[in-house]
Amino acid sequence: MKLYNLKDNNEQVSFAQAVKQGLGKQQGLFFPQDLPAFSASEIDELLKLDFVTRSSRILSAFIGDEIPAEQLQARIKDAFAFPAPVSKVEDDVATLELYHGPTLAFKDFGGRFMAQALAQVAGGAPVTILTATSGDTGAAVAHAFYGVDNVQVVILYPEGKISPLQEKLFCTLGKNIHTVAIKDDFDACQALVKHAFDDEELKKALYLNSANSINISRLLAQICYYFEAVAQIPAEKRDQLVISVPSGNFGDLTAGLLAKSMGLPVKRFIAATNVNDTVPRYLEDGKWTPHQTVATLSNAMDVSQPNNWPRIEELFRRKGWSLDELGHGVVNDEVTRETVRELDKKGYLSEPHAAVAYRVLRDQLQDGEYGLFLGTAHPAKFKESVEAILNKQIPLPKELAERADLPLLSHFLPSDFAQLREFLMKLAPKQ
Ligand SMILES: *Cc1c(COP(=O)(O)O)cnc(C)c1O
């Protein structure tokens with residue numbers, strides 16, 4: 001597989017390099033040189049396969065001979081060890097539940113495949129994974145790498161801006177997992193990570209790798225569950241399918257659009273955001289004007305400078321698609337609350353992120369279309385807000401219950417690169 005840097009097309013790397021490096025020069029994102037596609041009959045055949053077998057065909061089409069097919073399949077089997085069921089919500093609307101993994105959010109798919117991909121290509125060499133999280137990536141990556149030899153994981157998150165249970169899930173692990181609460185918002189955490197990648201000395205000392213959605217292995221993994229969704233919906237609805245994606249850093253939507261570019265029948269995608277609406281505003285007026293990030297109920301989407309957007313633009317350019325075809329909508333906290341209640345009345349226990357996606361989908365779905373919204377996290381992960389909205393108790397699944405009373409092991413730092421650098425340098429393995 002060949003990938004190029006979106007900021008400097010002359011920088012070209014293999015899949016292995018892209019996985020190890022995360023980002024290219026000038027913090028550029030890597031993008032696939034070849035965009036594999038399947039014919040309609042190949043898609044029909046793929047949709048008949050089981051999740052793991054199908055996913056290895058899909059990823060193989062990108063990765064090629066860099067990972068032998070049987071090895072790739074074994075890695076995917078380990079990574080995707082839990083289902084992604086489609087659940088009916090209304091006659092014309094269903095949800096793809098992506099929260100049945102160990103950390104109860106869709107980030108488990110990408111985080112766990114990335115751990116497999118890195119194990120495959122790094123062959124046990126020391127590596128430090130540095131990532132910023134708006135809540136769920138951190139947990140997925142921490143659990144995927146917990147206790148793995150020669151891998152250190154450093155996770156930055158905005159202090160006080162993720163849910164208490166999200167925090168418990170990954171900040172109580174210890175061992176090779178280091179968590180740092182930054183006194184600022186997610187965009188500031190993301191900026192610190194990018195800054196670290198620009199620091200050659202630090203990069204070398206720590207064997208730095210980025211695990212957020214900028215790592216190509218995570219994005220590729222996420223393509224697979226869009227196929228899994230289509231495989232589960234009624235066949236006669238396939239060409240009327242509209243998918244609404246609750247978006248923050250826009251990795252999930254990028255993966256969905258890549259699935260469509262491979263030939264997966266999806267009539268239209270909708271980018272649903274909370275009031276951190278840089279992209280919906282951009283799609284309206286063509287101006288990229290990020291505002292200060294605002295804290296909302298759907299905190300994993302509190303991102304005003306979405307990292308993956310350049311990949312979406314590149315994909316549209318390469319495919320000759322128009323951004324006018326991309327649906328979009330913005331949902332504030334008040335409407336999010338009403339929507340969580342509305343879904344509960346329909347018998348579906350939801351949470352703020354999925355509710356944002358459902359709201360925009362319901363409002364924009366046309367007669368004859370079939371809507372799917374992504375259920376990106378388990379409602380219990382947002383227990384405090386969901387219980388307050390619904391005025392009832394929701395039970396904790398065991399993954400959360402077993403960590404809820406453990407002490408937090410996080411370090412606390414201001415949003416200051418010099419102090420972060422000093423902290424990181426102490427973790428450097430002896431050369
Ligand atoms: C990360 C996350 C999102 C946003 O996904 P992006 O790929 O960053 O757009 C939405 N919902 C939940 C629950 C998340 O954890």
## Note on the structure
Here D for the stretch 233-312, in µm²/s, from Stokes-Einstein with a Kirkwood Rh over Cα pairs at 4 °C and 1.567 mPa s, works out to 96
### Message
With an 8 Å Cα cut-off and a minimum separation of 6 or more residues, compute the relative contact order for the stretch 142-240 in percent.
### Response
22
### Summary
Kirkwood-based Rg/Rh on the Cα set of the stretch 20-140 evaluates to 0.99
### Query
Suppose every K and R has +1 on its Cβ and every D and E has -1 on its Cβ; what is the size of the dipole of the chain about the Cα centre, in Debye to the nearest 20?
760
### Query
What percentages, rounded to whole numbers, describe P(r) for the stretch 79-175 computed over all alpha carbon pairs with 10 Å bin width beginning at zero?
15, 43, 29, 11, 3, 0
### Message
Which of the three applies to the stretch 163-229, rounded, prolate or oblate, going by the alpha-carbon gyration tensor with a ≥ b ≥ c and a/c under 1.5 meaning rounded?
### Response
oblate
### Query
What percent does the relative contact order of the chain come to when contacts are Cα pairs within less than 8 Å and at least six residues apart?
19
### Query
In this model, which of LYS25/LYS267; LYS346/LYS381; LYS48/LYS77; LYS161/LYS267; LYS237/LYS381 are farther than 24 Å apart at the alpha-carbon?
LYS25/LYS267; LYS161/LYS267; LYS237/LYS381
### Query
Where the centre of each part is set by its Cα atoms, how far does the stretch 6-36 sit from the stretch 134-187, in angstrom?
26
### Message
How large are Rg and Dmax for the chain when calculated on the C-alpha trace, in angstrom?
### Response
20.2, 63
### Task
With an 8 Å cut-off on Cα pairs and a minimum separation of 6 or more residues, tell me the relative contact order of the stretch 207-301 in percent.
26
#### Entry: Per-residue [θ]222 nm for the chain (sum of -39500 (n - 2.57) over DSSP H runs n ≥ 4, rounded to 500)
-13000 deg cm²/dmol
### Summary
Expressed to two decimals, the stretch 184-297 has a Cα Rg over Rh, using the Kirkwood radius, of 1.05
### Computed FRET value (nearest 0.05) for GLU402 with ALA428, which takes r as the C-beta separation and R₀ as 35 Å
0.60
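Read-outs throughout are calculated quantities, based only on the coordinates presented, and are distinct from any laboratory measurement. Note that the structure is a prediction, hence the values are computed from the model and not measured. Cβ: placed from backbone, ideal geometry, glycine included. Neighbour counts: every protein chain shown.
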